[in-house]
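Here the structure comes first, spelled out in structure tokens, and everything after it is commentary.
Each reported figure results from applying straightforward, stated rules to the coordinates on display, with no laboratory input. Note that the structure is a prediction, hence the values are computed from the model and not measured. Cβ placement follows ideal geometry from the backbone for every residue including glycine, while neighbour counts extend to all protein chains displayed.
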Amino acid sequence: MITRRNMLALGAAAFVAPLAMPNILRAQGSAGRVVIVGGGFGGATAAKYIKRRNPDIDVTLIEAQERFYTCPFSNLYLGGLREFESIGHSYEELTGEYGVNLVTALAEDVDGDAHTVTLSNGETVEYDKLILSPGIDINWGALEGYDEAAAELAPHAWKAGAQTQLLRRQLEEMEDGGLFVLSAPADPFRCPPGPYERVSLVAHYFKEHKPNSKILILDSKDAFSKQGLFTAGWQSLYGDTIEWVGLSDDGRVVRVDAEALEVETEFGMVHRANVLNVVPPQKAGFIAERAGVTNEGGWVPIKASTFESRQVADIHVIGDAAIASPMPKSGFCANTQGKVAAAAIVASLAGNEAPAASWTNTCYSLIGPDYGISVVGVYEAVDDEVVQVEGSGGVSPADADADFRLREAQYAVGWYDAIANDTWGTVPA
Amino acid sequence: MFSKHFRRGVVVAAMLAAFAGPASALSEDEVSVLAGTCANCHGTDGRSPGAIPAIAGQDYDILREQLLAFKAGEVEGATIMTRHATGYTDEELDALARYFSEIEP
Ligand SMILES: Cc1cc2nc3c(=O)[nH]c(=O)nc-3n(C[C@H](O)[C@H](O)[C@H](O)COP(=O)(O)OP(=O)(O)OC[C@H]3O[C@@H](n4cnc5c(N)ncnc54)[C@H](O)[C@@H]3O)c2cc1C
């Protein structure tokens, strides 16, 4: 008789040692071919978790860059709390330990009927299942005056890399007493608390090195993520250094003059900055549009339980590119979506139904090096839509003491180490 | 499609009928999907590389007690686990405790 105990033990053996799982019914090499575009939070996680579930599936990861720099913790670099290299990750665990085929190239086109992806190196790759996790592209043209040339003067730094380093240089070169202006976009955009964490850590840098400098946030929204906690934290750490102007108070930037470092708001106010950071409107990475999976807003409608496109079969889209609201566009969500898509694809290739989906989000934000706050949600699929599990989640308590904020700051670092390890195998320094 | 909670309820009933004893309605795959969300903070398989406690290979009863206590809001000083544990049924927390207890630390 099958008792609960030995049933669970059998199951446990399978997940403790997934690499040793016997694949009795599968002939070598016939388990299926999965191609993944994008080796960021979503794509790298999906690659690893497909291989963990079934090492016989052939997994090819197409990533444009040799090394991945995370947006998470790039604000710590901007605030002078980290070296840039500490947010860089490589693909050695995926290729070495998990046997993922890595192709360093740009995916240029997708033919959903033929099930092929065309690469910048001239190759064409065939797939049974395709995962797109291309992150965001800047929606150039959506904000007057803000194009690629303007971003070299007024960086967005919303994809980590040269843009982030440029912004850091500008902050370092700014005279004490200068004004840092950040223009924040309307929803939806990558990392809802990101702009507010950024100004916090820039304020920390100013406090230590340029104490007469000020910060102005011009916002295209009337409310933002963890607003009460941020506002209280700013007051307690930085006094009146940071001013926030919302949509209703004429905060929406409608035109950028990057040469003059000026922005103009909806009702004609012109603000001049010493350092200007424009977080512009965004859309899904271009390959999603090429694959025919985007909607008119530039984002990708998906079926929640598998993250398969609602428009093209056998293409799963995860991470920032997907419309997964109420889940925010976070690296944390991209990682958990990668795991759900991996489980669904492995099941489907074996002719099985996808297991029930479950996702989590936590966005830790640092207001200062010893002052962390967080927002949590646990999500499930109901009728193929994402919904937050009732009663789950919420933000850090408003009345927490300094020790609580300190521990959240320490756990934020613990989270970064854990997710970088889970996604790319990076061992913390 | 039904929610995972609803579907699970149906399966529980079926299994209770079959084995006439308490049975976990969660398949291995389902538990591993739930557990995947913990890895973002506790490390792959619960083997933490950093400041958040490791949970791999801990005693099942202790893990289960801890998770239920987090859910009930009874762990003094907890920063975040109450907000996570409230996202799972008691049965799911039990299955998660079992899952992590059976992983090599
Ligand atoms: C300042 C800032 C702070 C943030 N902080 C946090 C945080 O604290 N916590 C959190 O959870 N999230 C945070 N985020 C959000 C997080 O960065 C994103 O949500 C996450 O990166 C999304 O993952 P993804 O897989 O969708 O895309 P990405 O991680 O951006 O990965 C996309 C990858 O695809 C590659 N790619 C794109 N197109 C192609 C193509 N055609 N061919 C080949 N390769 C391609 C890119 O090179 C890139 O490597 C932050 C974001 C910002 C901007």
With both partners inside the protein assembly as shown, how many of the DSSP beta bridges are antiparallel, as a percent to the nearest 5?
55
Provide the per-residue ³J(HN,Hα) series for region A:245-258, in order, calculated from phi with Karplus coefficients 6.51, -1.76, 1.60 and θ = phi - 60°, each as a whole number of Hz, with x at glycine and proline positions.
10, x, 3, 5, 9, 6, x, 7, 7, 10, 8, 10, 10, 5
Over all Cα pairs of region A:148-278, how is the pair count split among 5 Å bins, expressed in % and running from 0 up to the last occupied bin?
2, 11, 22, 25, 23, 14, 3, 0
Tell me, how many Å apart are the Cα centres for region A:152-189 and for region B:21-63?
39
Show which lysines lie in cross-link reach of B:K71 when reach means a straight Cα distance below 20 angstrom and same-chain residues fewer than eight apart are skipped.
B:K4
Order of A:Y98, B:Y88, B:Y99 under a 10 Å beta carbon neighbour criterion, fewest first
A:Y98, B:Y88, B:Y99
As a Kirkwood estimate from alpha-carbon pairs, region A:266-375 has a hydrodynamic radius in angstrom of 16.3
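Among the listed pairs A:K51/A:K159; A:K48/A:K339; A:K303/A:K339; A:K48/A:K129; A:K221/A:K329; A:K129/A:K329, give every one whose C-alpha distance is greater than 19 Å.
Beyond 19 Å: A:K51/A:K159; A:K129/A:K329.
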Run the dipole for chain A about the Cα centre, Lys and Arg Cβ at +1, Asp and Glu Cβ at -1, nothing else charged, and hand back the magnitude in debye, nearest 20.
1340
Report relative contact order for chain A in percent, whole number only (criteria: Cα-Cα under 8 Å, sequence separation at least 6).
17
For A:D109 and A:E173, calculate 0.36 nm times their separation in residues minus their Cα-Cα distance, and state this gained length in nm to one decimal.
18.9 nm
Hey, what number do you get for the protein assembly as shown at 222 nm if only DSSP H runs of n ≥ 4 count, each worth -39500 (n - 2.57), divided across all residues, to the nearest 500?
-10000 deg cm²/dmol
Quick check: the distance between the Cα centres of region A:257-322 and region A:78-132, to the nearest angstrom?
20
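Restricting to region A:148-278, compute how many DSSP beta bridges are antiparallel as a %, nearest 5.
35
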Space enclosed by the convex hull of the alpha-carbon atoms of chain A, per residue, Å³
161
Take B:D59 and A:A313, extend 7 Å from each Cα along the Cα→Cβ direction, and tell me the distance between the two endpoints in nm.
5.3
What nm distance separates the two modelled labels at A:A260 and B:E74, each placed 7 Å from Cα along Cα→Cβ?
6.5
Run the numbers for A:D401 and A:D222: contour at 0.36 nm per residue of separation, minus the present Cα-Cα distance, in nm.
61.7 nm
Gyration tensor (Cα only) of region B:26-101 to equivalent ellipsoid, semi-axes in Å sorted down, yields 17, 15, 11
